[in-house]
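Peer 1: Below: one structure in structure tokens.
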Amino acid sequence: MSAREIPGVYLTSPPVPPQTFELALVLGGTVSAGAYTAGVVDFLIEALDCFSRAKALLRAPQHDVVLKVITGTSGGAVNAAITARALAFDFPHVTHANSPGTGMTGNPFYDVWVNILQLDGFLDPSDTRALFSAQPIAQGADYILNFHPSPVPSGRFYVGEPLRLIITFTNLRGIPYRIEFGQQFVEIFINHADYARFGVVYPWQGAPDPWPDEQILDFLGARLRQATNWKVLSEFACTSAAFPFGFPPVALACPAKNYQYRYVVVPSDSGGQPSVLALEPEWPLLGANEQTIPEYLHFPAVDGGATDNEPIALAHNTLAGLLGRDPRDKNLANRALLLIDPFAGETRLGPELPPGLTGLIGPFLQTFLQQTRYDSADLLLAADPNVFSRFMISPIRAGKIGGAALASSGLGAFLGFASADFRRFDYFLGRQNCQAYLRNQFTLGEANPLFKNWTPAERDRFRTSDGELPIIPLVGDAAVDEVLDPWPKGKLDPERYRSAIERRYKALLESEAGGGFFSSILAWMGAKATEREVADWVIGAIQQALVAADLA
């Protein structure tokens, strides 16, 4: 390990200003349940907009809430990228009352998750690099890259300067690090759990002093230090959502020097202040040395959820610093992580006895999805009623929680891609759940200094039944109760996908055959002989998932 000097920005953060609450969003892996997360984030932005406008008119409490950090994994990374782009612009918030039903709306969260990410596109036979085509993901990325409506009229001053964005992904090449155990033994370990930092600068903000490993994004084409472009961010977001085998890996290029800013915190043996050690890549294994570090490292990468790359720890360490601690008491808390987890709650266990080869696929995917979600210690902190520095929003509907409350959770959360009605329902559920959470649970003790200047009338107006006050008071349009669509039972007939499934299956077989004349003929014959059985199996699996979720 290297003894390089560690920049102070990584160790502790500046004190939180008076009457200010700092916030980090942690957006976890979601697959098609990303529509739920999209609804949550869309409502959160609307609530902050309404609060800001009311404060300017002296019609709301005058404390500040600052969104400092967003981390995203898998589908959460897609929503993180959408958020970073959307915050610069004025866009409509889609509700049950104003929804057009079909067609594009101008809301990037709704349009990407409800209108673009559809199973029809994933079954496109022209892209055979993986089980599914990546065409809808590329279409969604293009939509965000070209999203450029009118600028937000007066700026969103609740956004940090810059907004720090962290996208996690799984580096299939890996980064080697060297640890020396005395003179006789050296251990090289390869880290595949990777991430990229971005600093987003908005038109109403000044030029930042970037962290050493940040890539800077803006909207004016300014030549800022460490500048990159929005296409780079979209590539990282698409990579984080590239579920292994389901979608093809993405070729990435990351600034090599950024890997010199990876640290580990080592507890003190005497219970005192822990130490922070810098990790130095083993450059010779990467074809370089410390004197000739390349500008970029190139590697293929897949879903950020394929490795435990700790989006919560990244958010905490960015918000508070590696050695920083956030007060947890309800009357002292001034920073918090807000987790959005569509799959909290109970889930089914795997098999009791060893399955056969084909029977192993489902349990393996289930294990993969469950094991790479939030760490149990982080969930315990978020669930602890005495901890006010961790909060978590999860689906709640009619007594059901987590995936059981969603329309999109079947088939490992791939089911939602088969029906826009399912994704639309979950989007509105996200908005409704976020509203209820901000109103009743995203709260602090009334004696917290954040509320020092609240008037008695404001306290009476917003006080919860537990005697606490909301960090983000709901005013204006954000205070109008959110309404759900009816439960989308009977909205999906799996037979509509039979032809597309058969075409996709043929294309995959022909691709694997290598393209030669005779091998192509054999592949075509094999597909013709088995296409119906394959389509029957897939449609049967969809039908079983619909029945299990009361959607048939």
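The values are calculated or read from the model by the stated rules, or taken from the named source; none is laboratory data. Note that the structure is predicted; figures quoted are calculated from it, not measured. Here the Cβ is made from the backbone with ideal geometry for all residues, glycine too, and neighbour counts use every protein chain on show. Side chains are part of the model used for accessible areas, which takes the heavy atoms of the whole protein and leaves out ligands, DNA and RNA. Shrake-Rupley method; radii C 1.70, N 1.55, O 1.52, S 1.80 Å.
Peer 1: Please indicate, with yes or no, whether at least one residue in the stretch 254-276 is open to solvent by 20 Å² or more (accessible area, probe 1.4 Å), farther than 23 Å from Gly304 by Cα and in contact (Cβ under 8 Å) with a residue 60 or more places away in the chain.
Peer 2: Yes - at least one qualifying residue is present in the stretch 254-276.
Peer 1: Could you run through the stretch 202-238 and say how many residues are touching a helix residue (DSSP H, G or I) at 6+ places or on another chain (Cβ under 8 Å) and of a type outside the set (D, E, K, R)?
Peer 2: Qualifying residue count for the region: 10.
Peer 1: If you check every pair at least six apart or on different chains, which have Cβ atoms under 6 Å apart with a residue in the stretch 499-518 that is closer than 9 Å to Thr128 by Cα first and a residue that is at pLDDT 85 or above second?
Peer 2: Correct list of pairs: Arg504/Leu123; Arg504/Pro125; Ala507/Pro125; Ala507/Thr128; Leu508/Thr128; Ser511/Thr128.
Yes/no matrix, rows are residues, columns are (1) part of a loop (DSSP other than H, G, I, E, B); (2) under 20 Å from the mean Cα position of the chain (by Cα); (3) in contact (Cβ under 8 Å) with a residue 12 or more places away in the chain:
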{"residue": "Phe417", "(1), (2), (3)": "no, yes, yes"}
{"residue": "Asp421", "(1), (2), (3)": "no, no, yes"}
{"residue": "Phe428", "(1), (2), (3)": "no, yes, yes"}
{"residue": "Arg431", "(1), (2), (3)": "no, yes, yes"}
{"residue": "Pro473", "(1), (2), (3)": "yes, no, yes"}
{"residue": "Glu482", "(1), (2), (3)": "yes, no, yes"}
{"residue": "Trp487", "(1), (2), (3)": "yes, no, yes"}
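Peer 1: Still on this structure, please answer the following. List the pairs whose first member sits in the stretch 10-37 and is over 19 Å from Ile472 (Cα atoms) and part of a helix (DSSP H, G or I), whose second member is open to solvent by 10 Å² or more (accessible area, probe 1.4 Å) and charged (D, E, K, R), and whose Cβ atoms are under 8 Å apart, counting only residues at least 6 apart or on separate chains?
Peer 2: Ala35/Arg424
Peer 1: Determine which member of the set Tyr202, Tyr177 is in a loop (DSSP other than H, G, I, E, B) and open to solvent by less than 10 Å² (accessible area, probe 1.4 Å). Break it down into steps so the answer makes sense when it comes.
Peer 2: Numbers: Tyr177 fails: in a loop (DSSP other than H, G, I, E, B).
Result of the check over Tyr202, Tyr177: Tyr202.
Peer 1: Consider Val302 carefully, then state whether it is out of contact with any Gly (no Cβ under 7 Å at 6 or more places or on another chain), β-branched (Val, Ile, Thr) and closer than 13 Å to Asn171 by Cβ. Quick ask: steps written out before the conclusion?
Peer 2: On the way: out of contact with any Gly (no Cβ under 7 Å at 6 or more places or on another chain): yes; β-branched (Val, Ile, Thr): yes; closer than 13 Å to Asn171 by Cβ: yes.
Yes, satisfied.
Peer 1: Which residues, counting only those in the stretch 398-450, are touching a His at 6+ places or on another chain (Cβ under 7 Å) and either among the acidic types (Asp, Glu) or within 23 Å of Pro92 (Cβ to Cβ) (or both)? Spell out how you get there, then give the answer.
Peer 2: Just the residues of the stretch 398-450 that are touching a His at 6+ places or on another chain (Cβ under 7 Å), to begin with: 428, 450.
Across the stretch 398-450, the qualifying residue is only Phe428.
Peer 1: Scan the stretch 391-424 for residues that are at positive phi, aliphatic (A, V, I, L, M) and open to solvent by 10 Å² or more (accessible area, probe 1.4 Å) and jot them down.
Peer 2: From the stretch 391-424, those at positive phi are 398-399, 402, 411-413; that's our starting set.
If we keep only those that are aliphatic (A, V, I, L, M) too, we end up with 398, 411, 413.
Passing the criteria: Ala398, Leu411.
Peer 1: Related question: Between Asn433, Asn453, which is open to solvent by 40 Å² or more (accessible area, probe 1.4 Å) and among the polar types (S, T, N, Q)? I'd like the intermediate steps shown before the answer.
Peer 2: On the way: Asn433 fails: open to solvent by 40 Å² or more (accessible area, probe 1.4 Å).
Matching residue, one of Asn433, Asn453: Asn453.
Peer 1: Would it be correct to say that Leu314 is open to solvent by 50 Å² or more (accessible area, probe 1.4 Å), in contact with a strand residue (DSSP E or B) (Cβ under 7 Å, 6 or more places away or on another chain) and not in a strand (DSSP E or B)? I'd like the intermediate steps shown before the answer.
Peer 2: On the way: open to solvent by 50 Å² or more (accessible area, probe 1.4 Å): no; in contact with a strand residue (DSSP E or B) (Cβ under 7 Å, 6 or more places away or on another chain): yes; not in a strand (DSSP E or B): yes.
So Leu314 fails the test.
Peer 1: Then there's this: Taking the stretch 213-252 on its own, how many of its residues are in contact (Cβ under 8 Å) with a residue 12 or more places away in the chain, of a type in the set (D, E, K, R) and open to solvent by 40 Å² or more (accessible area, probe 1.4 Å)?
Peer 2: First, pick out the residues of the stretch 213-252 that are in contact (Cβ under 8 Å) with a residue 12 or more places away in the chain: 213-220, 222, 224-252.
Add one more test, that the residue is of a type in the set (D, E, K, R), and what stays is 213-214, 218, 225, 231, 235.
Next cut, open to solvent by 40 Å² or more (accessible area, probe 1.4 Å) only: 225, 231, 235.
Total satisfying the criteria: 3.
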